[in-house]
Amino acid sequence: MSHCLQRAFAQLLFLSLPAAAGLTGFSLDYTVLTTPPGGIYQPADCRNLDGSGACVIFTGAISFSADTDYTLTGITVAMNPANPDAGTKVFDNNGGNYFYDVVPGTLGPDGPGYSYNGGLFEVDIAQSAALGSYLGTATLQYQNAAGDALSSSPLSFQVLVTPEPAAFPVMLTALGALAAFVRRRNQTRYPQTKCCSTRSVPC
């Protein structure tokens, strides 16, 4: 067989091969979520163990190639140890229960399809968590039909802990009261000279 025929046969064989199988998509709808200390109250969704019913929930998408069943075995949420709380007050304290309760166990012919869109994991925020930025990663674990344990590349996310919205009016009121106090004190120290209303009398 000539070199030209060998090369043409190799190209034809390559084109006839199926596309690479496996995980084709794992993403977050929003990589940054903002919450007050204690989390956002949503008792119907949060699975945290402290019973507060408050958390933040990251949503996103998972998709696989259309070839076989894939078993979703879990998701690992890892917080950065350099966060303000050193990983003790802003983390997934429900042991992955949200993922197991919400995400289908199988995607493929025997599941609801080859893709999923919705909640992926939750992050729980203690009431005593300091204000600031908390960084973390989420990694998906799954198995193919052969039972091989596989995992995705980690996705980065951020939780911003900010003051309670109700605290802003209180802060504005306090600032207004402080400004009025300073203004009155200055008026007492440096009283203004009042001018006479009669033109014949110099002011």
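Here, each number is a calculation from the coordinates, and none is a lab measurement. It should be emphasised that the depicted structure is a prediction, and the values quoted were computed from it without experimental measurement. Every residue, glycine as well, gets a Cβ built from its backbone with ideal geometry; the counts of neighbours run over all protein chains shown.
Which FRET efficiency, nearest 0.05, do GLN127 and TYR100 yield, Cβ-Cβ r, R0 45 Å?
0.95
In this calculation the C-beta distance from ILE40 to THR73 is compared with R0 = 45 Å, giving a FRET efficiency of 0.95. Net charge in the neighbourhood of ALA126 (other residues with Cβ under 12 Å of its Cβ; Lys, Arg +1, Asp, Glu -1) is -2.
Given a Förster distance of 25 angstrom, what is the FRET efficiency for SER115 paired with ASN80, based on the Cβ-Cβ distance and rounded to 0.05? Kindly include the intermediate steps, with their values, before the conclusion.
Values: r = 30 Å, r/R0 = 1.18.
My answer for the efficiency is 0.25.
Dividing the convex hull volume of the alpha carbon atoms of region 19-164 by its residue count gives 101 Å³ per residue.
With both labels modelled 7 Å from their Cα along Cα-to-Cβ, the GLN158 to VAL32 distance reads 0.4 nm.
When each of the peptides 131-138, 147-154, 114-121 is scored by the mean number of other C-beta atoms lying within 10 Å of its residues, the order from highest to lowest reads 114-121, 131-138, 147-154.
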